[in-house]
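**Q** Questions regarding the structure given below will be posed in turn.
The values are calculated or read from the model by the stated rules, or taken from the named source; none is laboratory data. As the structure is a prediction and not an experimental result, all values here were calculated from the model. Glycine gets a Cβ as well: all are built from the backbone with ideal geometry, and neighbour counts include every protein chain shown.
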Amino acid sequence: MSYEKVTQVKSNVIIGTKQTLKAMRNGEISEVFVAGDADQHITQKVVSLANELDIPCWRVDSMEKLGAACGIEVGASSVAVKR
């Protein structure tokens, strides 16, 4: 389900941890997807901020599949859906 949702809204997503964190702090995000096979040291920042800001945070299993759902040829550790 999660990959399908990202694919449906791929024109309205922010890809990557740094950009996701910035957009979350600016209040631009409705939900976040984090790849389970990404480096937890990196993704934990996104998960923690999502919990702090009460933004729904979903885990998916693969960076590669998450990147493909966004229409990019590389993996994505985190993806945020804009409001």
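**Q** Tell me which residues, restricted to region 39-76, are over 20 Å from Q8 (Cβ atoms), of a type outside the set (V, I, T) and buried (at least 21 other Cβ atoms within 10 Å of the Cβ).
**A** Across region 39-76, the qualifying residue is only A50.
**Q** Further, regarding this structure: Across region 21-53, what is the total count of residues that are within 12 Å of the chain's Cα centre (by Cα) and closer than 14 Å to G67 by Cα?
**A** 6
**Q** Can you find, within region 1-25, the residue that is surrounded by the fewest Cβ atoms within 10 Å (Cβ to Cβ) among those that are of a type in the set (G, A, S) and in a helix (DSSP H, G or I)?
**A** In the first step, residues of region 1-25 are kept if they are of a type in the set (G, A, S); the result is 2, 11, 16, 23.
Checking the rest, the ones that are also in a helix (DSSP H, G or I) come to 2, 11, 23.
Details: S2: 17, S11: 8, A23: 18.
Of everything passing the filter in region 1-25, S11 is surrounded by the fewest Cβ atoms within 10 Å (Cβ to Cβ).
**Q** Give me a count of the residues in region 33-60 that are over 16 Å from K18 (Cβ atoms) and of a type outside the set (G, A, S). Break it down stepwise before answering.
**A** Within region 33-60, the subset over 16 Å from K18 (Cβ atoms) is 36-37, 40, 51-60.
Still in the running and of a type outside the set (G, A, S): 37, 40, 51-60.
So the count comes out to 12.
**Q** I need the full set of residues from region 26-60 which are part of a loop (DSSP other than H, G, I, E, B), touching a Ser or Thr at 6+ places or on another chain (Cβ under 9 Å) and over 13 Å from K5 (Cβ atoms), in order please. Spell out how you get there, then give the answer.
**A** Looking only at region 26-60, we keep the residues that are part of a loop (DSSP other than H, G, I, E, B), and these are 26-28, 36-39, 54-56.
With touching a Ser or Thr at 6+ places or on another chain (Cβ under 9 Å) added as a condition, the list becomes 36-39, 55-56.
Scanning region 26-60 gives G36, D37, A38, D39, I55.
**Q** Run down A50, A23 and say which single residue is among the small types (G, A, S), more than 12 Å from A76 (Cβ to Cβ), modelled with pLDDT of 95 or more and in contact with a helix residue (DSSP H, G or I) (Cβ under 8 Å, 6 or more places away or on another chain).
**A** Values: A23 fails: in contact with a helix residue (DSSP H, G or I) (Cβ under 8 Å, 6 or more places away or on another chain).
It is A50.
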